[in-house]
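First comes the structure, then the notes that go with it.
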Protein chains: 2
Amino acid sequence: MDKDEILKALANPARMDILNWLKNPEEHFPTQEHPFEMGVCASQFERCGLSQSTVSSHLGILHRAGLVTSKRVGQWIFYKRNEETIAAFLQQLTQDL
Amino acid sequence: MDKDEILKALANPARMDILNWLKNPEEHFPTQEHPFEMGVCASQFERCGLSQSTVSSHLGILHRAGLVTSKRVGQWIFYKRNEETIAAFLQQLTQDL
DNA sequence: ATTATAAATCGGATTTTCTCGATATATGGA
DNA sequence: TCCATATATCGAGAAAATCCGATTTATAAT
């Protein structure tokens, strides 16, 4: 749990949007045809208006920071919030800051 | 209270250091000759190894984000943590994130 | 095997951030 | 008024972040 890396990951509106959308996948990704239990399919995040490669980069940054988990299912990769890391980060920030 | 601006301000090790040092001025700024009730004199932060102009810039960013308050006393400017804004930010982040 | 789809990576252009030294501004004291 | 000290601002260079299109890799279906 690298606090600095997480802060950098959060200091970007697109990535913050992604994390927030993941709180309510049903509401924010109505076009997804896969069940939401698996998470949200990577391509769904292109709805933020950014290109596929840019979205992939943002997801990679969130993943390396530990803020999301990913799981490959067939040709797709599904993302979920990593609530454990998020909670641990908030707790540490509340203590440190 | 601009959450994005605060996150950007926090996503920098030097600025995070400054905020942390301000929690215990007596411990981290033993060379200051002014009473700590006024805060910590701007020049004290040059102990992080950065130049005067760079330190001034970092303090400006923290100040514009609302994370510190400043007060001029004579030719000096003293900085303190803005605990109200910090607490409000942590609360909002805990809700939003 | 070939083709199609999804996602990651590469290479490069643009923008933002970080940093510095030099200069400007503000205050205080002689 | 003139000089010293403290801080802010300016201008520029270096580094990092952002973004894209093109390509590569991985999986699946025909």
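The values are calculated or read from the model by the stated rules, or taken from the named source; none is laboratory data. Keep in mind that what you see is a predicted model, and the values were worked out from it rather than measured. Glycine also receives a Cβ, built like all others from the backbone with ideal geometry; neighbour counts cover every protein chain displayed.
Brief remarks follow.
- The residues of region A:4-35 that are charged (D, E, K, R), exposed (fewer than 13 other Cβ atoms within 10 Å of the Cβ) and within 13 Å of chain B (Cβ to nearest Cβ) amount to a single one, A:Lys23.
- Counting only residues that are closer than 13 Å to A:Val68 by Cβ and either within 9 Å of chain B (Cβ to nearest Cβ) or loosely packed, with under 12 Cβ neighbours inside 10 Å (or both), region A:84-97 holds 3 of them.
- Condition check for B:Arg47: basic (Lys, Arg) and either within 10 Å of DNA strand C (Cβ to nearest atom) or within 14 Å of another protein chain (Cβ to nearest Cβ) (or both): no
- Residues that are among the β-branched types (Val, Ile, Thr) and closer than 23 Å to A:Met1 by Cβ were ranked within region A:41-70; the one that is surrounded by the fewest Cβ atoms within 10 Å (Cβ to Cβ) is A:Thr69.
- Meets criteria (at pLDDT 95 or above, of a type in the set (Val, Ile, Thr) and either buried (at least 16 other Cβ atoms within 10 Å of the Cβ) or within 27 Å of B:Ala14 (Cα to Cα) (or both)) for A:Val73: no
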